[in-house]
Amino acid sequence: VPIVVLGPGAVGRALIGQILAQRERHRSRLGVRLAVLAVADSRQAVLAAEGEIEDPQLVSLCEAKARGEPLPENGDVLGPDDWLEAVDELADVAPIIVDTSAADTTAVLLGARARDWRLVLANKVPLTGRYSAFAMLTRNGRGARWETTVASALPVIATLQTLLDVGDPVRRIEGTLSGTLGYILSRVDADIAASAAVAEADAMGYLEPDPRTDLSGLDAARKALILARMLGHPLELAALSPDGLYPAEWDELSVDDFRARLPEADAALAARSVAAREEGRVLRYRAVVEDGAVQVGLAALDPRSPLGRAGATDSVVVLTTEHYRANPLVISGRGGGPAVTAAGVLGDILSLVRDGG
Ligand SMILES: NC(=O)c1ccc[n+]([C@@H]2O[C@H](COP(=O)([O-])OP(=O)(O)OC[C@H]3O[C@@H](n4cnc5c(N)ncnc54)[C@H](OP(=O)(O)O)[C@@H]3O)[C@@H](O)[C@H]2O)c1
């Protein structure tokens, strides 16, 4: 099965490592070999000279990226159109393109879909641009999987697909979808200043280079939008207004100035956390999809509810449907980390392989 990997970052490298480590399992359980034909980062694509990229070359390519070096040079730097064409010429059958980047790769992915390639995404960005692109990329799951775009490898998308396929009407989806915000709020709940909690999250590698991606609620909003769009609501990201954990005008600041001002937001968040505790509640960052609308923001919740009792970096998704009405369906567990996410991506690839017979 030919594979193309976009984005050899933390998740992409973990994926390649797992593909190499599980070759014998894939052969014995499924009778397949995942053959990596190309790896592309933000600058260029490395293509197999012929056949597939050899395992030792994949290892050294990952080691180079882990050291912060560019992909090893491989002749000319190929642009997106050139390398899609070049990969098509290398492959006997249509490849699976795997997007573990965090960039707007919509054009490349649409090009791949136009060539009938199958698609696996960990990257939320192409699914949260224009609704028309979402529909063209996902095709209701025909030849596409995007499990790890919401709550990492937890089976939220697969479960939702099954509910949609069988026609069990989904009335409400409620979830804590940001491990980063979950961690920060758990520290604020322990009377740690939010800005100190952000610094801790940064030191543990949870934060994006610009912390506003998480702290604005944008990341959680993208995930909620994917769920809403799957339910058939043709919403656009601009229509969502997630609660940010800082004043909106700080979006104009440089990253350094933003970080410097962050302590000014500590008191407001601490006050909300204390007020929640005084009412016997816990503060969570929650997304709700209901009646065609999406709400993303802080909520004071019952500590015994599925969202209220979740661990700091866990994700929880509660699905209320016709069948699961009195006792909703709850999916919860670890909601991030490169290894678990890569395993989710690999599971998506193998799910497509099984579908292909
Ligand atoms: N980490 C997690 O726990 C987790 C969980 C769920 C989902 N995800 C999603 O998984 C994706 C990867 O996360 P990560 O933590 O691995 O990120 P990361 O370490 O920042 O890696 C991103 C990679 O994408 C590459 N890239 C950038 N622009 C590209 C483009 N136009 N075409 C191809 N590659 C491009 C970067 O290459 P350069 O080196 O050239 O910049 C880098 O190798 C993200 O979309 C993230 O939201 C992550």
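The values are calculated or read from the model by the stated rules, or taken from the named source; none is laboratory data. Predicted model only: the values in this text are computed from it and were never measured. Backbone-built Cβ (ideal geometry, glycine too); neighbour counts: all protein chains shown.
Which residues, counting only those in the stretch 61-81, are assigned to a helix (DSSP H, G or I) and surrounded by 13 or more Cβ atoms within 10 Å (Cβ to Cβ)? Break it down stepwise before answering.
Looking only at the stretch 61-81, we keep the residues that are assigned to a helix (DSSP H, G or I), and these are 61-66, 80-81.
Correct list: 61, 62, 64, 65, 80.
Go over the candidates 190, 114, 196, 133 one by one and state the one that is touching a helix residue (DSSP H, G or I) at 6+ places or on another chain (Cβ under 6 Å) and farther than 19 Å from residue 337 by Cβ.
Numbers: 190 fails: touching a helix residue (DSSP H, G or I) at 6+ places or on another chain (Cβ under 6 Å); 114 fails: touching a helix residue (DSSP H, G or I) at 6+ places or on another chain (Cβ under 6 Å); 196 fails: touching a helix residue (DSSP H, G or I) at 6+ places or on another chain (Cβ under 6 Å).
Result of the check over 190, 114, 196, 133: 133.
Within the stretch 1-60, considering only strands (runs of 3 or more DSSP E) that don't extend past its boundaries, which have at least 1 residues that are among the aromatic types (Phe, Trp, Tyr), at pLDDT 95 or above and within 16 Å of the ligand (Cβ to nearest atom)? Explain how you work it out, then say what you get.
On the way: elements: 2-6, 35-40, 45-47.
In the stretch 1-60, no matching strands (runs of 3 or more DSSP E) lie anywhere.
How do the pairs read when you match residues in the stretch 84-105 that are more than 13 Å from residue 5 (Cα to Cα) with residues anywhere that are outside any loop (DSSP other than H, G, I, E, B) and within 16 Å of the ligand (Cβ to nearest atom), using Cβ under 7 Å and keeping only pairs 6 or more apart or on different chains?
Every condition considered, the pairs that remain are 86/47; 90/37; 90/47; 91/37; 103/125; 104/125; 104/126.
Residue 50 passes all but one of (1) out of contact with any Leu (no Cβ under 6 Å at 6 or more places or on another chain); (2) in contact (Cβ under 8 Å) with a residue 24 or more places away in the chain; (3) buried (at least 19 other Cβ atoms within 10 Å of the Cβ); which number fails?
Residue 50 satisfies every listed condition except (3).
I'm trying to understand the selection: among the residues of the stretch 134-151, which are within 15 Å of the ligand (Cβ to nearest atom) and under 15 Å from the mean Cα position of the chain (by Cα)?
Keep residues of the stretch 134-151 that are within 15 Å of the ligand (Cβ to nearest atom), which gives 137, 145-151.
Those that are within 15 Å of the ligand (Cβ to nearest atom) and under 15 Å from the mean Cα position of the chain (by Cα): 145, 146, 147, 148, 149, 150, 151.
List the helices (runs of 4 or more DSSP H) inside the stretch 135-220, counting only whole elements, that have at least 2 residues being surrounded by fewer than 16 Cβ atoms within 10 Å (Cβ to Cβ), of a type in the set (Val, Ile, Thr) and free of Cβ contacts under 8 Å to residues at least 60 places away in the same chain.
Correct list: 156-166.
Residue by residue through the stretch 98-118, note down the ones that are in contact with a strand residue (DSSP E or B) (Cβ under 7 Å, 6 or more places away or on another chain), outside any loop (DSSP other than H, G, I, E, B) and away from the ligand (no atom under 14 Å from the Cβ).
113, 118
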